[in-house]
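Novice: Sharing a structure here in structure tokens format.
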Amino acid sequence: MRLFPRSAFARTVALIAVLLLINQLVSYVMVGLYVVKPSMQQVSSVVARQVQGILALDQWLSEVDVDPEHQQRLVERYTQATGVRGISVDEALKQGLANTTTYNFLSAQLSDLLQANTEVRISQGDVYRVWLRTENLPGYWLTLELDNFDEARFSPLLFYLVLIGGLSVLGGMVFTNWQNRPLKALEAAAKQIGSGEYPDALAERGSTEVIAVTRAFNQMSQGVKQLEQDRALLMAGISHDLRTPLTRIRLATEMMPPAEDYLADGIISDIDDMNSIIDQFIDYVRSDTSADNEQQNLNYLVEDVVAHVPDSWHSKIEVIYNDMPNVPVREISIKRVLLNLLENAERYGHHKVLIETGYDTERRMAWFKVCDDGPGIPAAEVEHLMQPFTQGDKARAMKGSGLGLAIIKRIVERHHGRVLLGQSERLGGLCVRVELPV
């Protein structure tokens, strides 16, 4: 599991989100310290004065000689004027004391102001009611209704913080996507060039740095395309120029006297080998594009190639077909892959060749493999043998140009597939597996 994003888009958005989160936290703390806290302290001071007034009235009533009726009217008038009302614990429970919430901050503030242990609770309803109990008035709860003490006034602050954060992240995503769009186009074009296709010049847009990279990429793409065309033209010219004298040599050889047939047969065999090598050169430089692909079933292609195997081959070919969907491929190219694999199995194997097809449903890859009972290839030489003009140690005395596996690799990669070399569990020799995306 990766904790940090890898793409530039995700990293930029994550950076903006982290910075905004830090900014929001700092803003929230600053507002709490310099706006909310002073407001709460002012509320505590007002409530403390009201309570101190109640305590002063209670003390005065205890010191003077006032009849109970007059004392009761005086308390009611003071209650109406200040909004502070004293009730017993039982009465407080009946009026909803159990549904209140204790505010430790206000309790600490009032305890300091009243110089006595004080508990503050608040109940929320149509109005905010403050419930206060202090050890200076044991057995009583003081209630005070604050019409203007509305915690909802802090919701615009939260809404503002959330709105600014969301808009900033959204703007960062839009900006980053705009910046990364040319890079995605570069990536797609680079993959096309890697598969042998040459897209049109990319539009130069974005920041100045991205425009410079796009311009350089367009120049490189045109240069690579021109080199590929020059190479194909050069190879076509060479093959044409070589075939002409080879044809003349073959014609002259066939006109040799019967007494020199043994010499003529050797020359004709060498000419056939040279023509085969020239064909391999042409196959290697041939450019296949996705526009040439058609939906094909690999089982049918394998069956067609096996049906046209030369009768002179000594190996016995066994084929195992499995169900698979159609695959977008160039038929001629995939048949060339199969034929090259079968030629290698015939050349380096002993008596048996196994072909098997299948489909990987999880990875959506159709595959076929060709295995032989030959000596195989050491694991250390597998990657080396995929390069052009390379043959293994056991094959150097054999005929060939060393392009067989290179041609296979080139064709399969242009179909966005891959070639895997290993050892056959059943036959013990080389097993080449070709995977193609559906």
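The values are calculated or read from the model by the stated rules, or taken from the named source; none is laboratory data. These numbers come from a predicted model, not from an experiment. Heads up, the Cβs are rebuilt from the backbone with ideal geometry, glycines too, and the neighbour counts pull from every protein chain shown. Accessible surface areas use protein heavy atoms only, side chains included; no ligands, DNA or RNA. Shrake-Rupley method; radii C 1.70, N 1.55, O 1.52, S 1.80 Å.
Novice: Would you check if residue 54 is touching a residue at least 12 places away in the same chain (Cβ under 8 Å), aliphatic (A, V, I, L, M), farther than 18 Å from residue 135 by Cβ and open to solvent by less than 80 Å² (accessible area, probe 1.4 Å)? Break it down into steps so the answer makes sense when it comes.
Specialist: Numbers: touching a residue at least 12 places away in the same chain (Cβ under 8 Å): yes; aliphatic (A, V, I, L, M): yes; farther than 18 Å from residue 135 by Cβ: no; open to solvent by less than 80 Å² (accessible area, probe 1.4 Å): yes.
No.
Novice: Restricting attention to the range 198-215, does a residue exist that is open to solvent by 50 Å² or more (accessible area, probe 1.4 Å), among the β-branched types (Val, Ile, Thr) and touching a helix residue (DSSP H, G or I) at 6+ places or on another chain (Cβ under 8 Å)?
Specialist: yes
Novice: If you don't mind, another one. List, please: which pairs have Cβ atoms under 6 Å, are six or more places apart or on different chains, and start with a residue in the range 292-311 that is farther than 16 Å from residue 411 by Cα and end with one that is assigned to a helix (DSSP H, G or I)?
Specialist: Listed by first residue and then by second, the contacts come to 305/335; 305/338; 305/339.
Novice: Scan the range 357-387 for residues that are more than 26 Å from residue 324 (Cβ to Cβ), assigned to a loop (DSSP other than H, G, I, E, B) and either open to solvent by 40 Å² or more (accessible area, probe 1.4 Å) or modelled with pLDDT of 90 or more (or both) and jot them down.
Specialist: If the condition is that a residue be more than 26 Å from residue 324 (Cβ to Cβ), assigned to a loop (DSSP other than H, G, I, E, B) and either open to solvent by 40 Å² or more (accessible area, probe 1.4 Å) or modelled with pLDDT of 90 or more (or both), then 375, 377, 378, 387 are the ones that fit.
Novice: Quick one: in the range 316-334, which of the residues that are open to solvent by less than 50 Å² (accessible area, probe 1.4 Å) and in a helix (DSSP H, G or I) is modelled with the highest pLDDT?
Specialist: 334
Novice: Check residue 1 against each of (1) open to solvent by 60 Å² or more (accessible area, probe 1.4 Å); (2) in a helix (DSSP H, G or I); (3) at pLDDT below 70 and name the one condition it does not meet.
Specialist: For residue 1, the exception is condition (2).
Novice: Residues of the range 118-145 being within 17 Å of residue 41 (Cα to Cα) and either surrounded by fewer than 13 Cβ atoms within 10 Å (Cβ to Cβ) or touching a helix residue (DSSP H, G or I) at 6+ places or on another chain (Cβ under 7 Å) (or both), which ones?
Specialist: Matches in the range 118-145: 118, 119, 120, 130, 131, 132, 144.
Novice: State all residues of the range 306-315 that are open to solvent by 40 Å² or more (accessible area, probe 1.4 Å) and either touching an Asp or Glu at 6+ places or on another chain (Cβ under 8 Å) or part of a loop (DSSP other than H, G, I, E, B) (or both); if no residue qualifies, say none.
Specialist: 308, 310, 311, 312, 313, 314
Novice: Could you list, ordered by first residue, the pairs with Cβ atoms under 7 Å in which the first is in the range 162-187 and at negative phi and the second is open to solvent by 50 Å² or more (accessible area, probe 1.4 Å) and not in a helix (DSSP H, G or I), at least 6 apart or interchain?
Specialist: Hits for this filter: 182/205.
Residues are listed down the side, and each one gets a yes or a no for (1) within 30 Å of residue 191 (Cβ to Cβ); (2) more than 60 Å from the chain's Cα centre (by Cα); (3) not basic (Lys, Arg):
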{"site": "222", "(1), (2), (3)": "yes, no, yes"}
{"site": "226", "(1), (2), (3)": "yes, no, yes"}
{"site": "244", "(1), (2), (3)": "no, no, yes"}
{"site": "253", "(1), (2), (3)": "no, yes, yes"}
{"site": "262", "(1), (2), (3)": "no, yes, yes"}
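Novice: Could you tell me which of the residues 88, 44, 62, 39 is at pLDDT 75 or above and not hydrophobic (A, V, I, L, M, F, W, C)? Give the derivation first.
Specialist: Values: 44 fails: at pLDDT 75 or above; 62 fails: at pLDDT 75 or above; 39 fails: at pLDDT 75 or above.
From the options 88, 44, 62, 39, the qualifying one is 88.
Novice: Also: So, in the range 83-119, how many residues would count as being out of contact with any Asp or Glu (no Cβ under 7 Å at 6 or more places or on another chain), free of Cβ contacts under 8 Å to residues at least 60 places away in the same chain and part of a helix (DSSP H, G or I)?
Specialist: Final tally of qualifying residues: 13.
Novice: Hey, can you tell me all the residues within the range 60-72 that are loosely packed, with under 11 Cβ neighbours inside 10 Å and assigned to a helix (DSSP H, G or I)? Let's see the steps before the verdict.
Specialist: Step one: of the range 60-72, the residues loosely packed, with under 11 Cβ neighbours inside 10 Å are 62-65, 67-70.
Correct list: 62, 63, 68, 69, 70.
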